[in-house]
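Peer 1: A single structure is presented below for examination.
The values are calculated or read from the model by the stated rules, or taken from the named source; none is laboratory data. Since this is a predicted model, take the numbers as computed values, not measurements. For neighbour counting, all protein chains shown are included, and Cβ atoms are generated from backbone atoms with ideal geometry for every residue, glycine included. Please note that ligands, DNA and RNA were not included when accessible areas were found on the heavy atoms of the full protein model with its side chains. Shrake-Rupley method; radii C 1.70, N 1.55, O 1.52, S 1.80 Å.
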Amino acid sequence: MSLDNTSHPGRPGPEELVPSRYALRIGEIDVLVVSDGVLTLPGAMLAHNADPAVRAAWLKDMFLPPDAFDWALNVVVVRSGGRTILVDAGMGMEFPDLPRSGQLIKRLEAAGIDLASVTDVVLTHMHMDHVGGLLAGGVKDRLRPDLRVHVAAAEVKFWEAPDFSRVSMPPGFPDALRRTAKRFLNEYQSRLRTFETEYEVAPGVVVCRTGGHTPGHSVVRLASGGDRLTFAGDLVFQVGFEHPEWYNGVEHDPEEAARVRVRLLRELAANGELLVATHLPFPSVGRVAVDGDAFRWVPIFWDY
Ligand SMILES: [Zn+2]
């Protein structure tokens with residue numbers, strides 16, 4: 001017997017055998033984590049400043065192959081104060097080399113979320129796995145004309161002349177990232193609402209610039225009725241708990257990215273709030289504990 005764990009070609013998402021969305025509430029705020037799929041990338045991208053033998057040992061300890069790592073790709077929908085906010089937009093359909101990603105639009109539909117109901121988009125940054133979904137065929141036309149797209153001013157400025165001198169990516173990635181960010185800016189310029197350090201998008205929903213990963217990288221902090229959750233975008237990867245000092249290949253300023261990561265993980269470990277991040281395994285909802293000089297990921301339990 002063979003069971004396909006993704007949608008059957010040509011049919012919409014409700015028939016998926018493996019769930020691709022996870023709902024929770026933060027006080028009065030509704031949160032839905034939606035998987036855009038998975039990206040398979042070289043294992044070396046997890047830590048280009050690590051001893052290759054140490055990196056290989058980490059992958060082996062995780063029962064993972066030595067040369068390829070599946071990155072989850074999570075997007076979040078937040079509802080608060082009458083607004084429906086899409087936090088990042090996944091990869092879209094432009095990248096045939098990454099065929100397991102780009103599922104977001106289909107899965108939003110399966111979750112009963114009409115694109116026309118989205119009032120705001122918040123972008124943690126403008127890498128293609130975060131803005132690509134907005135460039136997928138027909139998406140822009142289905143979004144409302146008064147849609148607001150929130151992104152840090154520093155992020156928009158960065159992509160005018162992006163510095164790729166510190167990254168470690170497969171050939172072709174820098175060009176694809178440049179091209180996608182440029183196209184996104186061309187198509188969504190009139191809908192951009194930039195902010196300097198932070199902006200409250202809706203009650204209890206605040207986007208805060210952190211820098212590091214990219215100069216305008218931002219996180220989204222939710223707070224309502226004593227509950228808290230931070231969507232950390234690309235500040236934390238699966239290796240980042242045990243090895244927060246490892247430089248990820250997609251970080252444009254890796255030293256600063258590591259500093260920001262450690263600061264955020266310390267804060268979350270101290271206050272016990274929930275963490276969701278783009279590339280942690282779906283549904284990527286959990287807490288952070290201190291573990292010696294590093295950290296430990298503590299996933300929440302399925303509670304339905
Ligand atoms: Zn990313």
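Peer 1: Picking from N49, N248, N271, which is most flexible by a Gaussian network model of the chain using Cα springs under 10 Å?
Peer 2: Residue with maximal mean-square fluctuation among N49, N248, N271: N271.
Peer 1: Any idea what the relative contact order of the stretch 49-111 is, in percent, if you count C-alpha pairs under 8 Å spaced at least 6 apart?
Peer 2: Result for the stretch 49-111 is 18 percent.
Peer 1: Take the solvent-accessible surface of the protein heavy atoms, probe 1.4 Å, and return the percent of it on the chain that carbon and sulfur atoms account for. It would help to have the intermediate numbers written out before the result.
Peer 2: Values: 7120 of 13580 Å².
Carbon and sulfur: 52 percent of the exposed surface of the chain.
Peer 1: Stretched out fully, how many nm does the piece from F301 to R193 gain, at 0.36 nm a residue minus the Cα gap?
Peer 2: 35.2 nm
Peer 1: Then there's this: Normalised by the empirical 2.2 N^0.38 Å for globular proteins, what value does the Cα Rg of the stretch 113-188 take?
Peer 2: After normalising by residue count via 2.2 N^0.38 Å, the value is 1.18.
Peer 1: Could you grab the relative contact order for the stretch 187-264? Cα pairs under 8 Å, six or more apart, rounded to a whole percent.
Peer 2: For the stretch 187-264, the relative contact order is 25 percent.
Peer 1: How big is D for the stretch 98-243, in µm² s⁻¹ as a whole number, if Stokes-Einstein is applied with the Kirkwood radius of its Cα pairs at 20 °C and 1.002 mPa s?
Peer 2: Values: Rh = 16.5 Å.
Rounded to a whole number, D works out at 130 µm²/s.
Peer 1: To continue, here is another question. Please report, in cubic angstrom per residue, the volume enclosed by the convex hull of the alpha-carbon atoms of the stretch 168-274.
Peer 2: Normalising the Cα hull of the stretch 168-274 by residue number yields 108 Å³.
Peer 1: Okay, next question. Given the whole protein assembly as supplied and a 1.4 Å probe, what does the accessible area of F184 come to in Å², nearest 10?
Peer 2: 0
Peer 1: Scan the chain and note any complete DSSP helix (H) whose C-alpha atoms cover at least 18 Å along its axis and whose Kyte-Doolittle average is -1.0 or more.
Peer 2: Once both thresholds are applied, what remains is 173-188, 254-271.
Peer 1: Additional query: Cross-link candidates for K157: which lysines have Cα within less than 19 Å, leaving aside residues fewer than 8 places away along the same chain?
Peer 2: Once the sequence-local lysines are set aside, what remains near K157 is K182.
Peer 1: Suppose all protein chains stay in the model; what accessible area per residue would a 1.4 Å probe give for the chain, in Å²?
Peer 2: Per-residue value: 45 Å².
Peer 1: Around W159, with a cut-off of 10 angstrom between Cβ atoms, what is the net charge of the other residues, counting Lys and Arg +1 and Asp and Glu -1? Kindly include the intermediate steps, with their values, before the conclusion.
Peer 2: Values: positive: K157, R178, K182; negative: E155, E160.
Residues near W159 contribute +1 overall.
Peer 1: Give the aspartates and glutamates whose C-alpha is closer than 19 Å to that of K60, dropping any in the same chain fewer than 8 places away, or say none.
Peer 2: Here the aspartates and glutamates satisfying the reach criterion relative to K60 are D51, D70, E242.
Peer 1: The stretch 134-187: which GluC sites (Glu not before Pro) are DSSP loop and have at most 15 other beta-carbon atoms within 10 angstrom?
Peer 2: Working: sites: E155, E160, E187; in loops: E160.
Those satisfying the criteria are E160.
Peer 1: Could you tell me the center-to-center distance, by alpha carbons, between the stretch 275-301 and the stretch 163-238 in angstrom?
Peer 2: Rounded to whole Å, the Cα centres lie 20 Å apart.
Peer 1: Is it possible to state the helix-based mean residue ellipticity at 222 nm for the chain, with each DSSP H run of 4+ residues giving -39500 (n - 2.57), the sum divided by total residues, to the nearest 500 deg cm²/dmol? What is it?
Peer 2: Details: 7 runs with 65 residues, N = 304.
Using -39500 (n - 2.57) per qualifying helix, the result is -6000 deg cm²/dmol.
Peer 1: From Cα pairs below 8 angstrom and at least 6 apart in sequence, can you work out the relative contact order of the stretch 84-191, rounded to a whole percent? Present the calculation step by step, with values, prior to reporting the outcome.
Peer 2: Values: 138 pairs, mean separation 31.9, N = 108.
That works out to 30 percent.
Peer 1: Once the cut-off is 34 Å, how many percent of the Cα-Cα pairs in the chain end up in the long-distance tail?
Peer 2: Looking at the chain, the distances longer than 34 Å represent 15 percent of pairs.
Peer 1: Counting only DSSP beta bridges with both residues in the stretch 34-125, tell me the antiparallel percent, nearest 5.
Peer 2: Taking every DSSP beta bridge within the stretch 34-125, about 80 percent pair in antiparallel fashion.
Peer 1: Mind checking which lysines have their C-alpha under 22 Å from K106, skipping anything on the same chain fewer than 8 residues away?
Peer 2: Counting by Cα, and skipping residues close in sequence, K106 has these lysines nearby: K140.
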